[in-house]
Structures are given as C-alpha cells and as structure tokens.
Amino acid sequence: LVFAWVHAAPLFAAGSPADEQVASELNNQGVAAAQAGNWEAGVEYLRRAVKVNPEDALLRKNLSGVLTDWAIRLEQALDAARAEALLLEAVTYDPDNGAALVRLGDLAYFLRSDFSGAIASWRRANGKLPPAEWHAVADRISQAQRDALIERDVVSHATEHFDIRFPRKATVDL
C-alpha cells in the first residue's frame, strides 16, 4: 500500500492547529516506522494520530493500510490469529480497504472452511479493488459457492492434527 505524508495544517478538518500539527507529526512518524518494517511502532504512532484527530480520513486510511500490511506479514509467518485481529481492526478504520476484506475472506475460507463468511468478506471488497484483482476474487467466490454445495452433506470433525470429513449418513467411530 501507498501511504501519504502529511504536511502540517490545512489537510485537517477539525481540531486546534496544535492538534493538527501533533496528528501530522504522528502520522509521518507512523508511516516512516512502517516503511522501515517497524510495524508495532508504526501502528502505535498512527493510532495516536487518529486519537488526536479521529475524523481525518487520511489518518484512518494510513492506519488501516499499515494494519493490513502488518497482517499480511503475520499471515506469511503463520500467525493467522493475530493477522485476522489486525485485519478486523483495519476495516473498522477504513471500511473500503479492499485488501483487508479479501484477506479476511481468505482466512475464513482457507483456515476455517467458513464458506459463507469468506463469500461475505469477498463481496464487501467488490468495487474496492482494481478490476484485475476483483476478477480473481470473483473466481474465489464461485469456488466457495461450489465448495459449500459439496460440503453441505458432510460432517467435519477436527482433531489436533487433522480435519476429518465424511458423508453425513456414514457411521464412523471417532
């Protein structure tokens, strides 16, 4: 994602000039920290900036973007639970964050086989992604709809190491 640097006052709609200056500095520090790979510090600076000026759309979008980028790194490091929490926070700051919505759908689909949850997240991303990216998401929706039809007559049982699936009418000792 691309983050915006803020140059002092006139970009802010509310708050005193001192608050605007503080929010601007916090934003810039947050963006710089995130670009350096210091995700926690970047998010903390941006949260503070949003707290100073909660109505500023640019601050909210920057925070959402940094949360999403950090979540992607965590997901790649196989920390899906933390990634999902960050993505949920990201869409509270910017409901139009298509990348976060797609990732939330991916986590629902691939980790939990939550087809309806995945489809709902992916559909919310419609109109919030470039057309080429949306085409790939539309394909995921179609696949999830097919999978939901297949899985509707299947019972699932999770063990420590495996997910076991079998036809609902089958008799299996677990």
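The values are calculated or read from the model by the stated rules, or taken from the named source; none is laboratory data. If you're wondering where the values come from, they're calculated on a predicted model, not measured in any experiment. With ideal geometry, Cβ positions are generated from the backbone for all residues, glycine too; neighbour counts draw on all protein chains shown. The area values use the complete protein model at the heavy-atom level, side chains included, leaving out ligands, DNA and RNA. Shrake-Rupley method; radii C 1.70, N 1.55, O 1.52, S 1.80 Å.
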Difference of contour (0.36 nm per residue) and Cα-Cα distance, L88 to K169: 25.4 nm
For V155, distant residues with modelled amide H under 5 Å away: F166, R168
Could you compute the longest span of the chain free of trypsin sites (Lys or Arg not before Pro) located in DSSP loops and having at most 13 other Cβ atoms within 10 Å, not counting the site residues? 1-151
Using θ = phi - 60° and the Karplus relation 6.51 cos²θ - 1.76 cosθ + 1.60, list the HN-Hα couplings for the stretch 23-28 in order, rounded to whole Hz, with x at every Gly or Pro. 4, 4, 5, 5, 4, 4
The chain, Gaussian network, Cα under 10 Å: of L58, L74, L111, the residue fluctuating most is L111
Within the accessible area of the chain (1.4 Å probe), percent carbon and sulfur: 55
Directionally averaged projected area (convex hull, Cα atoms, the chain), nm²: 11.8
Tell me which GluC sites (Glu not before Pro) from the stretch 47-100 have a DSSP coil assignment and no more than 14 other beta carbons within 10 Å of their own. E55
Straight-line reach from K51: which lysines have Cα under 16 Å away, leaving out those fewer than 8 places along the same chain? K61
With every protein chain left in place, what is the accessible area per residue of the chain in square angstrom, probe 1.4 Å? 58
What are the aspartates and glutamates whose alpha-carbon lies under 20 Å from the alpha-carbon of K169, with same-chain residues fewer than 8 places away excluded? D147, E151, D153
Spin-label pair A41/R146, simplified geometry with 7 Å Cα→Cβ offset, distance in nm: 4.8
